[in-house]
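K.L.:
Once you've had a glance at the structure underneath, I'll fire off some questions.
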Amino acid sequence: MSTSARSQTPTPTPTPTRLFVLAALLTLGIGLLFVRAIWTARTEQWEFAQRSGLNLTTALEESIGGTVRSFDKSLQGLAQVVKDPAALALPEPLRQRVLFDDSLRMRGNGGVVVLDARGDITIDYDNPVPRKANLADRTYFQVFAQGGYTGLYIGAPIKGRLTGEYLLPLSRAWHDADGQFAGVVVGTIRLAYFNELFGRLTLDEQSSINLLRDDGTLITRFPFVPQAVGKNLAASPQFKAMQTAPSGTVVGQAGLDGVPRLYAYRRVADYPLILNVGQSVEQIMGRWLRSAWVMAGFAATLMLACMGLTFLFAREMRRRQQVSAQLADAERGLRTVLDNAPSVIAYWDARLHNRLANGACLPYFGFSTEEARDVHLRDFLGAALYTQVQSYVDKALRGRRQLHECSLIDDAGTARHLLVSWIPDIDSAANSANSANSANSVGRETEAGEVRGVFMQMTDITERKQVEDELFEDKERMRLTLQSIGDGVICTDAQGRVSYLNPVAEHMTGWQAFDAASRDVDEVCPLLQTDPDLAHAAEGDAAALTPLRKALAGRGVVGPTRGVVLQRFDGTRFDVEETASAITDRHGHVTGAVMVLRDVTEGVAMAKRMAHLAQYDALTDLPNRVLLQDRARQGLAQARREGKLLAVAYLDLDGFKEVNDRLGHDAGDALLVQIAQRLRSATRATDTVSRKGGDEFVVLLTGLASADMLDAVAAKLLAVCEAPFQLGDAAVVVGVSGGIALYPLQGDNFEQICRHADIAMYAAKRAGRGRIYRFVEGGEPTYLAESRR
C-alpha cells in the first residue's frame, strides 16, 4: 500500500476503547456483586451449622456430664460405706439398699462391684452373692493398685467379661481405716445408654456423634460401629485441634469412614472426656452450592451477554481498519518469515518452474531469490539430486503430500543431510471442465481439485543425524555394558513404570524384560524392609518411600540402602543392596530413574552367622561368656529395680574325663551337647544356661522371689542329669557337682557372685560330688541338694 493511501486512512476513533472499558467495568461490577452475594450466603450457612453443632454439643454435654457426675458421687459414697464394718454386717437385703443408693438405678447402669486389694469381687450390685471373678488385670484396677492415680478414673471402653456388653468403666479406690489401699469401687455405664441418647437426635445421614477420652480413645460413636470402640484417634489432626480449647469447631476428614465433617466439640464437665458432633460438610454446603450454581449461572449469562454485545458492536467499527492493516502486514510478514526461515522454502508451478524462493537457497544451491525465478527444478537441484527426488515430486503433483530424506553436497562442497517435504497446491474450487477445454492449462487434475504447483521445504538435519548416530552408538555401548555387569539394573519412567531390565535383573525378579515393560516397578520388583528402623519408618510415615520412589521425587542419588529383601513371585528371596538415581532432562525435570540391585544374600548370611558365633558356643549353641555377662548386667539391673534375687550356679561334670578317655573326644562332645539340652530343659525361659569351657557350665537365674527357691532349683538341675546318656551304642552315667551364690546376699556384682559360686562348687566336689552347695558369707558353703543316684 502506498504512502498516500495510508495517509487517507481515517484515524480510529477512541469510542470502541471507551466502550470496552465501560463494558468491562459493568461486567466486573455484576460479577463482584454476585460473588459477594454467593459468599455471604456461604458464610451464613457455615455459621449456622457451627452454632447448631455447638448448641447440640452443649445439650449433650450437660446430659452426659450430669450422668457421670451422679454416678461418681454414688461411687464416692460407696467407697466410704464399704469401710464401715457395721454396714457390711447388715443383712443382705438391707446391706444392698445401704450400699447402693437410688442414683445407681439409672437406666444406663451396667453394674457396680467392689474389688478387694487382690482384684476379687467382694460386693456385687446385681447379685447379693458376689460372682466369682478376678478383675486385677483391668486397667481401672491397676492404675490404683500401682499407687499412681487418685480421684475418678474413666477407663477405656471394655467388653464385659461376665455380660458380653460394651461398657464404660468408672472407678475409684477405697482405703481401709489405716489409709492403705484396700481395693477399687468400679461401676460401668452401658454404651447402649449413650447410643440411645444420641439416637434421639435428628441428624443428617452422614453426620456422627463421638464420645472420646482426652487421650484419643474412642468410647462410642453414633451411628454405632462395634469395631471402632476403643480405637485411638490421637494422631488425627482434628483431635489435636480439640485438645487446644474447651470447646469450639474444627473441620477434618474422619479417620473411620473418610467423610469430611465440621466437628463441634466440648469437654464434658471436669472429666477427661470430649464430646463432638460431626456434621457432613457435603450436607452443610449442599443447599448453598445449588443456590450458588444458579446465581453463578445467571451472573455468567449477564456478563457474557454484556461483553458479547459490546464485542459485536465494536467489531463492526474496527473491521475496515483491521482489514487494511492485515493486508499490509501480510506481505511484509511473509517476506520476513521466508527470508529468516532456517529451511530452504520454494514454490514450483505445475511445469516445475520456480515462482518463489527464500534467501536460504543461496548457500545450498548457489541461487539467490532473484536468480531462482523461472529456473526449472532440474536445473535448480542438479541432475543427481533431481533423480533422487523425482518420484516424490511426481506424487506431489498428483495431489499427495510427500516427506523424505536425502543427501547432497552443497555449493561449498560440504555434505548435507536434508529432510524434504513436498506439499501440493490444490485449487479445489477450479472448474475441471473448463480446465480440460483450455488449451493453455498446465495444471494437473486430482479427485480433490487441480494441482497448481508444489511447495518445497528442505530442512538441514545434518547435526541431528550425527547426534542420532552417536546416541545409537552410546545406547548400544550402554546396553552391552548393562548386560555384562553382575548387578541387576532396572530402569523406569517418571511414573515408576518399568522400561528396561538387564539379564541379572530378569533372573532376580523372575520377569522377562518384555513382560515387565510398562508395569509398575513395585509389582515387578517387590522389596521388603528387614532393617527394623527402616520397617518402622515405612509403617509409621506415609511419606517414607523406597529409594527409587525417592529418586523419582527429585532427591537425586539415593543409597546404597541395605536391609532390603527382593521377593520373586515364586517365593525366592534375595538380600539386596539398593541404589537409585533419577534421570533428568536438560531442564532438570525428572524423566525416569535407574535402580541397581546388588545380591548380598551370601554376605548377609555370613554376617548373621558371625554375629551368632560371637555370642554362642560353637559346640552346644549355648550363650558364651560375652552374652552371659550381658544378660547378667540386665538381670542385676532388674533385681535392683524390682527388689528380687539373682542366682549364679557353677556346674561341673563328674566323670567327664573318663568318658573322654574311654570313648573319645567325639563322644565327649556329644555328651556336652546332651548335658546342655538337659540343663536348658530344667530352667525357665528367662534363665540363661552358658558353657564356661570344658565340662563347666554356668546357670544364671533371674527374678527369684526368695532364697528358699534354690532348693528346688538345685534338685531339678541334679535330677535332669541322673538318667544315663546314650552315646552311640554306649550308655554313660555322669554326675554334676555345683555351687550357687545369690545377689545381693553373697555379692553386689556379677564377678563376686561368680567367684563365690565357684568356691561353693569346689566345696561340693570335696564333699563327695553329685551334690550342690550354697555359698555362705564368712563360713563354709552349705548343702542344698544331692543326686538320688
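K.L.:
Does residue 331 satisfy the criteria of being more than 30 Å from residue 46 (Cα to Cα), acidic (Asp, Glu), over 60 Å from the mean Cα position of the chain (by Cα) and modelled with pLDDT of 75 or more? Give the derivation first.
P.N.:
Details: more than 30 Å from residue 46 (Cα to Cα): yes; acidic (Asp, Glu): yes; over 60 Å from the mean Cα position of the chain (by Cα): yes; modelled with pLDDT of 75 or more: no.
Criteria not met by residue 331.
K.L.:
Here is a follow-up. Residues in the range 695-713: is at least one open to solvent by 60 Å² or more (accessible area, probe 1.4 Å), within 53 Å of the chain's Cα centre (by Cα) and among the charged types (D, E, K, R)? First the steps, then the outcome.
P.N.:
At the first step, the residues of the range 695-713 found to be open to solvent by 60 Å² or more (accessible area, probe 1.4 Å) are 705, 708-709, 711-712.
Filter again for within 53 Å of the chain's Cα centre (by Cα), leaving 705, 709, 712.
Then drop every residue that is not among the charged types (D, E, K, R), which leaves none.
No; the residues of the range 695-713 include none that is open to solvent by 60 Å² or more (accessible area, probe 1.4 Å), within 53 Å of the chain's Cα centre (by Cα) and among the charged types (D, E, K, R).
K.L.:
Same structure, new question: So which residues in the range 572-598 are among the small types (Gly, Ala, Ser) and over 24 Å from the mean Cα position of the chain (by Cα)? Quick ask: steps written out before the conclusion?
P.N.:
Residues of the range 572-598 among the small types (Gly, Ala, Ser): 580-582, 588, 592-593.
Passing the criteria: only 588.
K.L.:
Follow-up. So is residue 644 open to solvent by 10 Å² or more (accessible area, probe 1.4 Å) and free of Cβ contacts under 8 Å to residues at least 40 places away in the same chain or not? Full working, then the answer.
P.N.:
On the way: open to solvent by 10 Å² or more (accessible area, probe 1.4 Å): yes; free of Cβ contacts under 8 Å to residues at least 40 places away in the same chain: no.
In short, no.
K.L.:
Given 755, 771, 789, which one is at pLDDT below 90 and among the basic types (Lys, Arg)? So that I can check it myself, show each step before the final result.
P.N.:
On the way: 755 fails: at pLDDT below 90; 771 fails: at pLDDT below 90.
Of the residues listed, the single one that is at pLDDT below 90 and among the basic types (Lys, Arg) is 789.
K.L.:
Can you name the condition, by its number, that residue 618 falls short on among (1) part of a helix (DSSP H, G or I); (2) within 51 Å of the chain's Cα centre (by Cα)?
P.N.:
(1)
Condition check ((1) part of a strand (DSSP E or B); (2) among the hydrophobic types (A, V, I, L, M, F, W, C); (3) without any contact (Cβ under 8 Å) to a residue 40 or more places away in the chain) across all residues:
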| position | (1), (2), (3) |
| --- | --- |
| 147 | no, no, yes |
| 167 | yes, yes, no |
| 171 | yes, no, no |
| 185 | yes, yes, no |
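K.L.:
Since residue 415 meets every condition but one in (1) at pLDDT 75 or above; (2) surrounded by 11 or more Cβ atoms within 10 Å (Cβ to Cβ), which condition does it not meet?
P.N.:
Among (1) at pLDDT 75 or above; (2) surrounded by 11 or more Cβ atoms within 10 Å (Cβ to Cβ), residue 415 violates only (2).
K.L.:
Just to be sure before I move on: is residue 403 at pLDDT 85 or above and hydrophobic (A, V, I, L, M, F, W, C) in the structure I sent? Working first, answer last.
P.N.:
Details: at pLDDT 85 or above: yes; hydrophobic (A, V, I, L, M, F, W, C): yes.
In short, yes.
K.L.:
Let me ask something else. Which one is farthest from residue 697 (Cα to Cα), of the residues in the range 731-749 that are touching a Pro at 6+ places or on another chain (Cβ under 9 Å) and surrounded by fewer than 18 Cβ atoms within 10 Å (Cβ to Cβ)?
P.N.:
Looking at the filtered set, the residue picked out is 731.
K.L.:
For residues in the range 596-614 being open to solvent by less than 60 Å² (accessible area, probe 1.4 Å) and in contact (Cβ under 8 Å) with a residue 60 or more places away in the chain, which is nearest to residue 572 (Cα to Cα)?
P.N.:
Per the stated criteria, the residue is 597.
K.L.:
Another question about this same structure. Are any residues in the range 581-611 part of a strand (DSSP E or B) and at pLDDT below 75, and if so, which ones?
P.N.:
Our first condition is that a residue be part of a strand (DSSP E or B); within the range 581-611, this holds for 581-584, 590-599.
Once the filter is applied, which keeps residues that are part of a strand (DSSP E or B) and at pLDDT below 75, the range 581-611 yields only 599.
K.L.:
All but one of (1) among the aromatic types (Phe, Trp, Tyr); (2) out of contact with any helix residue (DSSP H, G or I) (no Cβ under 6 Å at 6 or more places or on another chain); (3) without any contact (Cβ under 8 Å) to a residue 60 or more places away in the chain hold for residue 313; state the number of the condition that does not hold.
P.N.:
Tallying (1) among the aromatic types (Phe, Trp, Tyr); (2) out of contact with any helix residue (DSSP H, G or I) (no Cβ under 6 Å at 6 or more places or on another chain); (3) without any contact (Cβ under 8 Å) to a residue 60 or more places away in the chain, residue 313 fails exactly one: (3).
K.L.:
Going residue by residue through the range 58-72, is there one that turns out to be of a type in the set (Ser, Thr, Tyr), within 38 Å of the chain's Cα centre (by Cα) and crowded, with 18+ Cβ neighbours inside 10 Å?
P.N.:
no
K.L.:
Among the numbered criteria (1) in contact with an Asp or Glu (Cβ under 7 Å, 6 or more places away or on another chain); (2) over 25 Å from residue 65 (Cα atoms), which one does residue 272 miss?
P.N.:
(2)
K.L.:
Pull out all pairs, ordered by first then second residue, where Cβ-Cβ is under 7 Å, the residues are six or more apart or on different chains, the first lies in the range 369-392 and is surrounded by fewer than 15 Cβ atoms within 10 Å (Cβ to Cβ), and the second is of a type outside the set (Asp, Glu) and assigned to a helix (DSSP H, G or I).
P.N.:
Between residues of the range 369-392 that are surrounded by fewer than 15 Cβ atoms within 10 Å (Cβ to Cβ) and residues that are of a type outside the set (Asp, Glu) and assigned to a helix (DSSP H, G or I), the close pairs are 378/386.
K.L.:
So which residues in the range 615-637 are open to solvent by less than 60 Å² (accessible area, probe 1.4 Å) and over 15 Å from residue 692 (Cβ atoms)?
P.N.:
630, 635, 636, 637
K.L.:
Name the one entry in 492, 462 that is modelled with pLDDT of 80 or more, under 30 Å from residue 380 (Cα atoms) and hydroxyl-bearing (Ser, Thr, Tyr). Before you say what the answer is, go through the steps one by one.
P.N.:
Numbers: 492 fails: under 30 Å from residue 380 (Cα atoms).
Checking each option against the conditions leaves just 462.
K.L.:
Test each condition in (1) at pLDDT 85 or above; (2) part of a helix (DSSP H, G or I) for residue 209 and report the one that comes out false.
P.N.:
Going through the list (1) at pLDDT 85 or above; (2) part of a helix (DSSP H, G or I), residue 209 breaks only (2).
K.L.:
Here is a further query. Could you please tell me which pairs satisfy a Cβ distance under 8 Å, a separation of 6+ or placement on different chains, a first residue in the range 445-459 that is farther than 30 Å from residue 339 by Cα, and a second residue that is among the β-branched types (Val, Ile, Thr) and at pLDDT 85 or above?
P.N.:
Cβ pairs passing all conditions: 445/451; 446/426; 448/426; 449/426.
K.L.:
Considering only the range 647-685, how many residues are touching a Gly at 6+ places or on another chain (Cβ under 6 Å), at pLDDT 90 or above and surrounded by fewer than 19 Cβ atoms within 10 Å (Cβ to Cβ)?
P.N.:
Going through the range 647-685 one residue at a time, the tally reaches 0.
K.L.:
Another one. For the range 79-91, indicate whether the set of residues that are at pLDDT 85 or above and open to solvent by 70 Å² or more (accessible area, probe 1.4 Å) is non-empty.
P.N.:
Our first condition is that a residue be at pLDDT 85 or above; within the range 79-91, this holds for none.
Checked against the condition, which is being at pLDDT 85 or above and open to solvent by 70 Å² or more (accessible area, probe 1.4 Å), the range 79-91 yields no hits at all.
K.L.:
So the check is Cβ under 9 Å with 6+ separation or different chains; which pairs have a first residue in the range 736-752 that's free of Cβ contacts under 8 Å to residues at least 12 places away in the same chain and a second one that's open to solvent by 10 Å² or more (accessible area, probe 1.4 Å) and aromatic (Phe, Trp, Tyr)?
P.N.:
Every condition considered, the pairs that remain are 747/775; 752/743.
K.L.:
Being in contact with a Lys or Arg (Cβ under 8 Å, 6 or more places away or on another chain) and farther than 12 Å from residue 186 by Cβ is the filter here; which residues of the range 136-151 pass it?
P.N.:
Passing the criteria: only 151.
K.L.:
While we're looking at this one, here's another question. Give me the strands (runs of 3 or more DSSP E) completely within the range 246-331, filtered to those with at least 3 residues that are of a type outside the set (A, V, I, L, M) and open to solvent by less than 30 Å² (accessible area, probe 1.4 Å), ordered by residue number.
P.N.:
Details: elements: 247-253, 260-267, 273-280.
Here the list reads 260-267, 273-280.
The values are calculated or read from the model by the stated rules, or taken from the named source; none is laboratory data. The model shown is predicted, which means the values in this text are computed figures rather than measured ones. In this analysis, Cβ positions are derived from the backbone assuming ideal geometry, glycine residues included, and neighbour counts consider all displayed protein chains. Remember, those area values only see protein heavy atoms, side chains included, never the ligands or the DNA or RNA. Shrake-Rupley method; radii C 1.70, N 1.55, O 1.52, S 1.80 Å.
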